[in-house]
Amino acid sequence: MMNTFIFDMDGVIVDSEYTYFKSKTDILHEEGHDVSDSYHYQFMGTTPVFMWQGMKDEFHLPKAVNEYIMEMNQRREEIIQKDGVLLIANVKDLIKRLYQAGFKLGVASASRKEEIVYNLQELGLDAYFSQAVSAEEVAHSKPEPDVFLHTADLLDAVSDDCVVIEDTKNGSRAAKAAGMYCIGFANPDYPKQDLSCADKVVTDFREIDEKQFQ
């Protein structure tokens, strides 16, 4: 019997991946490098420092990593100011069902802590989650298991107690490295991700039956 669900945020709770894709693509274009959206898939689930260091090394970008992160965040904030915080379809109902069934709930994300907290508050979901953890709070980002293990510790849960919901290759690998059951979310609105290491893959959160884990 499992008693804990840990959610990734970007692409699982919040429809935000497009803000990363657009901001990074525009910055790289201005530096003279044109990439498609598919280029960014390799970095999904990783921290901004990891992905910008990777792009800096690959394209020999002139600015410091922190400068690119600040510019990306500013551009993303402008997009979010225009579009608002967008919710993934049917995830709010799932979160409510799990909470009402007595599961402990946490968020484990590569995003900044203040962004995680802001998004949960904006969507009216903060009351359902006991912990919201950023990969900035641990030594290694996904695909290493650190952020999931730390979230489980804060929720007073062991790995065998935990179900993780992830939408990326890096995130699902991290969940399995943590020894947790992983549900891969293959969002039909985004190109297919490699979720082959997940224990189960769904395309709609209505497919998840909490009774299966009780």
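If I ask for residues that are modelled with pLDDT of 95 or more and open to solvent by 70 Å² or more (accessible area, probe 1.4 Å), which ones from the range 114-136 would you list?
Gln121, Asp126, Ala127, Ser130
For Leu195, only one of the following conditions fails: (1) in contact with a Ser or Thr (Cβ under 8 Å, 6 or more places away or on another chain); (2) within 15 Å of Gly106 (Cα to Cα). What is its number?
Among (1) in contact with a Ser or Thr (Cβ under 8 Å, 6 or more places away or on another chain); (2) within 15 Å of Gly106 (Cα to Cα), the lone unmet condition for Leu195 is (2).
Looking at the range 186-199, is at least one residue farther than 18 Å from Asp10 by Cβ and open to solvent by less than 70 Å² (accessible area, probe 1.4 Å)?
yes
Might you let me know whether the range 178-188 holds any residue that is of a type outside the set (A, V, I, L, M), touching a strand residue (DSSP E or B) at 6+ places or on another chain (Cβ under 7 Å) and in contact (Cβ under 8 Å) with a residue 40 or more places away in the chain?
yes
Of everything in the range 101-113, what is within 16 Å of Pro48 (Cβ to Cβ), open to solvent by less than 60 Å² (accessible area, probe 1.4 Å) and not in a strand (DSSP E or B)? Give them in sequence order.
Passing the criteria: Ala110, Ser111, Arg112.
Looking only at the range 28-48, which residues are small (Gly, Ala, Ser) and closer than 28 Å to Ala108 by Cα?
The answer is Ser36, Ser38, Gly45.
I need the full set of residues from the range 145-173 which are among the hydrophobic types (A, V, I, L, M, F, W, C), open to solvent by 10 Å² or more (accessible area, probe 1.4 Å) and outside any loop (DSSP other than H, G, I, E, B), in order please.
Leu149, Leu154
Look at Lys56 and say whether it is touching a residue at least 12 places away in the same chain (Cβ under 8 Å) and under 21 Å from the mean Cα position of the chain (by Cα).
no
What is the one condition in (1) at pLDDT 95 or above; (2) outside any helix (DSSP H, G or I) that Lys176 does not satisfy?
Checking Lys176 against (1) at pLDDT 95 or above; (2) outside any helix (DSSP H, G or I), the one that fails is (2).
The values are calculated or read from the model by the stated rules, or taken from the named source; none is laboratory data. Here the structure is a predicted model, which means the values were calculated and not measured. Here the Cβ is made from the backbone with ideal geometry for all residues, glycine too, and neighbour counts use every protein chain on show. Areas reflect the complete protein model, heavy atoms only, side chains present, ligands, DNA and RNA absent. Shrake-Rupley method; radii C 1.70, N 1.55, O 1.52, S 1.80 Å.
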